[in-house]
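**Q** Just passing along the structure, written as structure tokens.
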Amino acid sequence: MDSKDNKIAERMGINRRNFIKLVVGGAIGTTLSPLPWKITDDIAIFTQNLPWVPVPPAGEYSYAGSLCTLCPGGCGIKVRKVDERAVKIEGRTDYPVNPGGICPLGMGGLQLLYNENARFTGPMKRTGERGAGSFQSISWDEAMNILADRISGLKAGELAAIDGNLKGSTMSVVIERFLNSLGSSDYIKMQSSQETMDIAANLLTGTRGSVGYDLENSDYILSLGSGLLEGWGSPARVINAWSIWRSDELKGRVKVVQIEPRASNTASRADKWLPAVPGTETALVLGMAHVIIKEGLYNRDFIDNFSFGFYDFETAYGSYRRGFKTLVLEDYSPERVADITGLEENEIESTARDFASASAPVAVCGRGKGALYGSLYESMAVLALNALVGGINRAGGIFINDPLPLADLPDLPTNTSTGSDLKNGRIDMAGSRSYPFSQSLFNNLADSILEGNESPIDMLLVFSANPAFTAPNCGKLRKALEKIPFIVSFSPLRDETSMMADLILPDHIYLEKTDDMICPSGLQYPLYGLSRPVVKPLYNTRNSGDVMIDLAGKIGGTAGDAFPWKNFEDVVKHRVKGLYDAGDGLTDFDGVTPPWGTAGSIASPGYSSFDEMWEKLVKNGLWYRHLDRGRNIETIFNTKSGKFEFFSSIIESALKDIDVKILGKNASNDDICMPHFEDISPEGNDSFPLMMYPCELINLASGWIPNPPYLNKTLFDDQLKKDNSFVDINPDTAAEYALKQGDSIIIESPAGRVQALVNLFEGAMPGIVFMPLGFGHSAYDDFLRGKGANPNEIIYGKIDPLSGQNIWWKTPVRVTKL
């Protein structure tokens, strides 16, 4: 046993037995605060009392249906209107993702629509110092001419884009195509846990589709830090699933186990809470696998017939390779895993037995709301645990879906640099020999820009993203942005990144435009969602998709040839034609027969032509298929072996071009090809003896979309007090630094420092400072600006050796009382 493994929990300042006994016995009952979920109808009244929201006159009521795209959840919404004025947003009962439910952020969308103080009301150009927020209004013609002229003068490799639009959406396809048509491969996506899981699924199953969790049919949910009650996946869908688990019919038959270091709402309401040391979840999963394998609790039919690499094997060249079974039995005993995770051996063993003996267990990951990604090996371990119990494409397990049958756009003109040419020299090094499995590495962008005297990027386009606020170590990212000669923001909102832009071409707010969503996060069945405008644009804004198509035409050449469509909706229709050609799929939902249901007849598509299908799709906002449990499991996997691979042949093939030390500092070549634990979190030291861990709240937006002002009304006095946010600290840890409830402290890491107030919380793991994400804005309006501290300012992580992503957990910090 590596002596380092014994020290992981100790350096967190944890007395394992005392902490677990205290919290499980007391904090769940005494510190649980009510979940601020149901906001009453007087929200509309509160909204109208804000100074920038006009009160609608008396008039005729109507409803308009659409899709919420504020997060990857993809909920159906209906907007209540008085004449043409939107007055309330509700969940749709005729949309299968969120049967009638809606999250607090979605409910507050009107405060994004009508807040002219937080929105750009037309195109603008910078007139003052970068970051000062001083802009001058200009016409769209002038804005387009400025942008087209500057792009036309760029050299190869000088154009890049940051895209926060949802993965696979038509807007993302348009942006990447625009860059490629100009010879640029520097299309950079904002990172998410869904991206990490998709890479893991490709490495173990060979598929490029989405991974979904059949929560509604599961009877044992093992959550590795997923904030099931904090907004994970589709929040309204998960809340609905939770109500199913706790229904009278199933009461006591469904178990939820939450693994995280803080007594969140999810942990407090779970049947069991396991407060593992953050960053050790992979070891815990493999420790459970050890018990399941050793005691013969795994699904032998799946292992023997549909998997590869579980047993030791001999290659065609006569070399011996260690399999997954040997790996976990030799390296991940409950005793060793207990030392790593800070949990008790008997807790690890009993959880493993309960998981394996359940009828329909599922393990899920993606911390917080799902944007806080873990390591790639962690995602691989979660997939392997589900496979171990035969939970692949089985009711209550995980589903590996093929990509939606959307039509591809035509190949780019032959005189455009495409294919392998675009893969060379990416500024973020994604797809390189160092990071062969990643398609985009946002965290490498700042490093590449800052390492030289001048920025290799001359122009940066930013879409639906606010990296100056949301990026880990965002101060470093802002320094990189300052070096870029010209930045163009397409944001509809006056966010921190837009304040650093030279040119603003504002998009519509989501309620004003057509947009689409591909397979909402965590959904187990295939679904394509389409939003439509429910109100006319309030200001002089434009759909960014239309702007990019017009810009390509103005630039001409290969860019113009790449976009033969008149407008963005035509591109959407082109892709949707592939759904029609697939020959099936429903475009309406009766509100009775859920796509994940186990009984009931499945209706026919109900359309006979593409025009008829398009009309229904625009009206109802969805195309979907029912959950396909009858799919032959032999056809699911597209790996070299044709099976689920505990030992990834994709990684093995890449090893000849990669330095093994890059992928695993403690692993052999065999282990690198399988899920295994690498302690990649930063080391604490005497200068920074504590750790900071970001957490998320259901009623606090933490992504690029800001918090609607009314949600501040739902924050408690120990979360936000006037302009100061709180951090959760265990009383024992606080006592070591003579800290009391409400004390003002400085929290400092190697990346920076922030100020916050102390909240003494027995449900906080000792040695860790828990900071909520979503506070600390310096932009937008008076309702958001200057409220609290942003933990992204001080995140100081390491790089995941397999994916290249920046791991954010356990930032080393110190605290100083003011």
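The values are calculated or read from the model by the stated rules, or taken from the named source; none is laboratory data. This is a predicted model, so every value here is computed, not measured. Backbone-built Cβ (ideal geometry, glycine too); neighbour counts: all protein chains shown. Note: areas computed on protein heavy atoms with side chains; ligands, DNA, RNA excluded. Shrake-Rupley method; radii C 1.70, N 1.55, O 1.52, S 1.80 Å.
**Q** Identify, by number, the condition in (1) within 28 Å of His626 (Cβ to Cβ); (2) part of a helix (DSSP H, G or I) that Asp516 doesn't meet.
**A** Only one criterion in (1) within 28 Å of His626 (Cβ to Cβ); (2) part of a helix (DSSP H, G or I) is unmet by Asp516, namely (2).
**Q** Can I ask one more? What's the number of the condition Asp271 fails, among (1) over 18 Å from the mean Cα position of the chain (by Cα); (2) open to solvent by less than 10 Å² (accessible area, probe 1.4 Å)?
**A** Asp271 satisfies every listed condition except (2).
**Q** Please enumerate the residues belonging to segment 166-216 that are over 29 Å from Pro594 (Cβ atoms) and of a type in the set (D, E, K, R).
**A** Hits for segment 166-216 are Glu176, Arg177, Asp186, Lys189.
Here's the yes/no breakdown for (1) farther than 23 Å from Leu493 by Cα; (2) open to solvent by 40 Å² or more (accessible area, probe 1.4 Å); (3) modelled with pLDDT of 95 or more:
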| residue | (1), (2), (3) |
| --- | --- |
| Gly431 | yes, yes, no |
| Asn444 | yes, no, no |
| Ser448 | yes, no, no |
| Ala465 | no, no, yes |
| Phe469 | no, no, yes |
| Cys474 | no, no, no |
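**Q** Further, regarding this structure: In segment 276-297, which residues are under 14 Å from Val328 (Cβ atoms), assigned to a helix (DSSP H, G or I) and in contact (Cβ under 8 Å) with a residue 40 or more places away in the chain?
**A** Thr282, Ala283, Leu284, Val285, Leu286, Gly287, Met288, Ala289, His290, Val291, Ile292, Ile293, listed by residue number.
**Q** Just for segment 307-318: of the residues that are of a type outside the set (Ser, Thr, Tyr), touching a residue at least 12 places away in the same chain (Cβ under 8 Å) and assigned to a loop (DSSP other than H, G, I, E, B), which one is farthest from Leu383 (Cα to Cα)?
**A** Asp312
**Q** Okay, moving on. Step by step: first the residues of segment 478-491, then only those that are of a type outside the set (Lys, Arg) and open to solvent by 10 Å² or more (accessible area, probe 1.4 Å), then the one that is nearest to Leu450 (Cα to Cα). Which residue is that?
**A** Residue satisfying both the conditions and the ranking: Glu482.
**Q** For segment 771-787: of the residues being at positive phi and touching a Ser or Thr at 6+ places or on another chain (Cβ under 8 Å), which is surrounded by the most Cβ atoms within 10 Å (Cβ to Cβ)?
**A** Gly774
**Q** Considering each residue of segment 559-596, count those that are modelled with pLDDT under 95, surrounded by 14 or more Cβ atoms within 10 Å (Cβ to Cβ) and over 24 Å from Thr93 (Cα atoms), and give that number.
**A** 1
**Q** Within segment 415-426, does at least one residue satisfy the condition of being under 27 Å from Gly774 (Cβ atoms), of a type outside the set (Gly, Ala, Ser) and modelled with pLDDT of 85 or more?
**A** Taking every residue of segment 415-426 in turn, none turns out to be under 27 Å from Gly774 (Cβ atoms), of a type outside the set (Gly, Ala, Ser) and modelled with pLDDT of 85 or more.
**Q** Picking from Ile400, Ile348, which residue would you name as being in contact with a helix residue (DSSP H, G or I) (Cβ under 6 Å, 6 or more places away or on another chain), open to solvent by less than 10 Å² (accessible area, probe 1.4 Å) and modelled with pLDDT of 95 or more?
**A** Exactly one of Ile400, Ile348 is in contact with a helix residue (DSSP H, G or I) (Cβ under 6 Å, 6 or more places away or on another chain), open to solvent by less than 10 Å² (accessible area, probe 1.4 Å) and modelled with pLDDT of 95 or more, namely Ile348.
**Q** What about Tyr737, is it out of contact with any helix residue (DSSP H, G or I) (no Cβ under 7 Å at 6 or more places or on another chain), among the aromatic types (Phe, Trp, Tyr) and either farther than 16 Å from Ala756 by Cα or not assigned by TED's automatic domain parsing to the domain that holds Ala263 (or both)?
**A** Yes.
**Q** Sticking with this structure for a sec: Does Ile768 satisfy the criteria of being open to solvent by less than 20 Å² (accessible area, probe 1.4 Å), under 24 Å from the mean Cα position of the chain (by Cα), over 20 Å from Ala371 (Cα atoms) and modelled with pLDDT of 95 or more?
**A** yes
**Q** Continuing with this model, one more query. What number goes with the only condition from (1) outside any helix (DSSP H, G or I); (2) surrounded by 20 or more Cβ atoms within 10 Å (Cβ to Cβ) that Leu105 does not pass?
**A** Tallying (1) outside any helix (DSSP H, G or I); (2) surrounded by 20 or more Cβ atoms within 10 Å (Cβ to Cβ), Leu105 fails exactly one: (1).
**Q** Let me ask something else about it. Hey, among Ile162, Ile175, which residue is touching an Asp or Glu at 6+ places or on another chain (Cβ under 9 Å) and either more than 29 Å from Leu343 (Cα to Cα) or surrounded by 24 or more Cβ atoms within 10 Å (Cβ to Cβ) (or both)?
**A** Answer to the selection: Ile175.
**Q** Let me ask something else about it. Hey, does segment 319-342 have a residue that's under 30 Å from Pro772 (Cβ atoms), in a loop (DSSP other than H, G, I, E, B) and in contact with a helix residue (DSSP H, G or I) (Cβ under 7 Å, 6 or more places away or on another chain)?
**A** Checked segment 319-342: at least one residue is under 30 Å from Pro772 (Cβ atoms), in a loop (DSSP other than H, G, I, E, B) and in contact with a helix residue (DSSP H, G or I) (Cβ under 7 Å, 6 or more places away or on another chain).
**Q** When segment 32-85 is examined, which residues are found to be part of a loop (DSSP other than H, G, I, E, B), buried (at least 16 other Cβ atoms within 10 Å of the Cβ), of a type in the set (Val, Ile, Thr) and modelled with pLDDT of 50 or more?
**A** Once the filter is applied, which keeps residues that are part of a loop (DSSP other than H, G, I, E, B), buried (at least 16 other Cβ atoms within 10 Å of the Cβ), of a type in the set (Val, Ile, Thr) and modelled with pLDDT of 50 or more, segment 32-85 yields Val53, Thr69.
**Q** Would you mind finding the one in Asp495, Asp515, Asp458 that is modelled with pLDDT of 95 or more and either in the same structural domain as Leu383 (by TED's automatic domain parsing) or over 21 Å from the mean Cα position of the chain (by Cα) (or both)?
**A** Asp458
**Q** Also, I was wondering about something else. Give the number of residues within segment 118-147 that are small (Gly, Ala, Ser) and in contact (Cβ under 8 Å) with a residue 60 or more places away in the chain.
**A** Adding up the residues that qualify gives 6.
**Q** Here's something else I'd like to know. Just a yes or no: is a residue in segment 615-623 in contact with a helix residue (DSSP H, G or I) (Cβ under 6 Å, 6 or more places away or on another chain), open to solvent by less than 60 Å² (accessible area, probe 1.4 Å), of a type outside the set (A, V, I, L, M) and assigned to a strand (DSSP E or B)?
**A** Yes: segment 615-623 contains one or more residues that are in contact with a helix residue (DSSP H, G or I) (Cβ under 6 Å, 6 or more places away or on another chain), open to solvent by less than 60 Å² (accessible area, probe 1.4 Å), of a type outside the set (A, V, I, L, M) and assigned to a strand (DSSP E or B).
**Q** Still on this model: Tally the residues that are open to solvent by 10 Å² or more (accessible area, probe 1.4 Å) and not in a loop (DSSP other than H, G, I, E, B), restricting the search to segment 236-260.
**A** Total satisfying the criteria: 6.
A quick yes/no check of all residues on (1) open to solvent by 20 Å² or more (accessible area, probe 1.4 Å); (2) in a loop (DSSP other than H, G, I, E, B):
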site	(1), (2)
Ser687	yes, yes
Met691	no, no
Gly703	yes, yes
Lys713	yes, no
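Matching residues to (1) open to solvent by less than 20 Å² (accessible area, probe 1.4 Å); (2) under 25 Å from Arg177 (Cα atoms); (3) not in a helix (DSSP H, G or I):
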| residue | (1), (2), (3) |
| --- | --- |
| Tyr525 | yes, no, yes |
| Leu530 | yes, yes, yes |
| Leu538 | no, no, yes |
| Arg542 | no, yes, yes |
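**Q** I've got another one for you. Which residues, taken from segment 188-228, are open to solvent by 10 Å² or more (accessible area, probe 1.4 Å), of a type in the set (A, V, I, L, M, F, W, C) and over 18 Å from Thr282 (Cβ atoms)?
**A** Met190
**Q** Would you say Asp671 is buried (at least 17 other Cβ atoms within 10 Å of the Cβ), at pLDDT 90 or above and either touching an Asp or Glu at 6+ places or on another chain (Cβ under 9 Å) or part of a loop (DSSP other than H, G, I, E, B) (or both)?
**A** Yes.
**Q** Continuing with the same structure: Would you mind stating whether Asp94 is of a type in the set (Asp, Glu) and open to solvent by less than 10 Å² (accessible area, probe 1.4 Å)?
**A** no
**Q** Also, I was wondering about something else. In this structure, does Ser319 turn out to be over 31 Å from the mean Cα position of the chain (by Cα) and either under 25 Å from Ile680 (Cβ atoms) or modelled with pLDDT under 95 (or both)?
**A** It is true that Ser319 is over 31 Å from the mean Cα position of the chain (by Cα) and either under 25 Å from Ile680 (Cβ atoms) or modelled with pLDDT under 95 (or both).
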